[in-house]
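Below: one structure, written as structure tokens.
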Amino acid sequence: MFPPMANPNLEITATEFEFLVRDWILKQGGELTSLEVKHDVKVEAYDSTYQIDVLAKFQAFAGAEFIVLIECKKYRNAVERELVQVLHDKVRSVGAHKGMLFTTTGFQSGAVKYARMHGIALVSIIDGAATYHTRSAFPVDAKPPAWLNLPKFSLWHVGENDAGNITMKSLGRADTELDEMFGD
């Protein structure tokens, strides 16, 4: 059995994945003032023009504006440190306040360590059925019963504790309007 964070065959296209992240960000910003979340944005910086998968802008603390750059990586292998470094460089070049990297395959330990040291949030999105576990003396391919009403996807924050161990914290369900948008 493979860890649920390492599923490169998650049944979602790269574009659907980006829309899923966009929708989740929108739902999380319920209390923010003037939240604006855009997909596939070109952002001008002093050194280049960058393509950003999801860009979030909002106001908080009596009108201060915040910018979050969000990259979505649907890869076959765990995300490497270099991709986190590239996002960190984009955050600095653009003058954003935060960077977030979402993936369907998990992160290498070097990526997690670099993200922790530079304030980049890492999130793994997995099949919601992975939250259903069975116990058996023999491996079985069991599907969860429909009455459990499991989400299509589940989100996990990936981090590192002070001892250098990788940690994961559930961010909950990722139900979205993808079915309506793509007729799935």
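Provide the packing ranking of 54-64, 75-85, i.e. peptides ordered by the mean count of other C-beta atoms within 10 Å per residue, highest first. Working shown, then result.
Details: 54-64: 15.1, 75-85: 16.6.
Final packing ranking: 75-85, 54-64.
What's the extension gain from Lys42 to Lys27 if we count 0.36 nm per residue and subtract their Cα-Cα distance?
On the way: separation 15, 0.36 × 15 = 5.40 nm, distance 2.30 nm.
Length difference between fully extended and current span is 3.1 nm.
Sorting check: for 16-24, 161-169, which peptide has the highest mean count of neighbouring beta carbons within 10 Å, and how do the rest follow? Show your work: numbers first, answer last.
Details: 16-24: 21.4, 161-169: 10.4.
Highest mean packing first, the order is 16-24, 161-169.
For an R0 of 25 angstrom, estimate the FRET efficiency from the Cβ-Cβ distance between Ala60 and Asp162 and round to the nearest 0.05. Mind showing how you got there, number by number?
Values: r = 28 Å, r/R0 = 1.12.
Calculated transfer efficiency: 0.35.
Once you list every other residue whose beta carbon is under 15 Å from the beta carbon of Ile120, what net charge do they have if Lys and Arg are +1 and Asp and Glu are -1? Could the numbers behind the result be given before it?
Details: positive: Lys73, Arg81, Lys90, Arg92, Lys98, Lys113, Arg116; negative: Asp53, Glu71, Glu80, Glu82, Asp89, Glu160.
For residues surrounding Ile120, the net value is +1.
For Leu10 and Arg92, FRET efficiency with R0 = 35 Å and r from the beta-carbon atoms, rounded to 0.05? Display every interim value, and only then the final one.
Details: r = 31 Å, r/R0 = 0.88.
Approximately 0.70, to the nearest 0.05.
For the pair Ser34 and Gln85, how long in nm is the line joining their label points, each one 7 Å along Cα→Cβ?
Here the answer is 3.7 nm between the modelled labels.
Coordinate-derived values only; no laboratory data. From a predicted model like this one, the values you see are computed outputs, not experimental measurements. Virtual Cβ from ideal backbone geometry, glycine too; neighbours counted across all protein chains shown.
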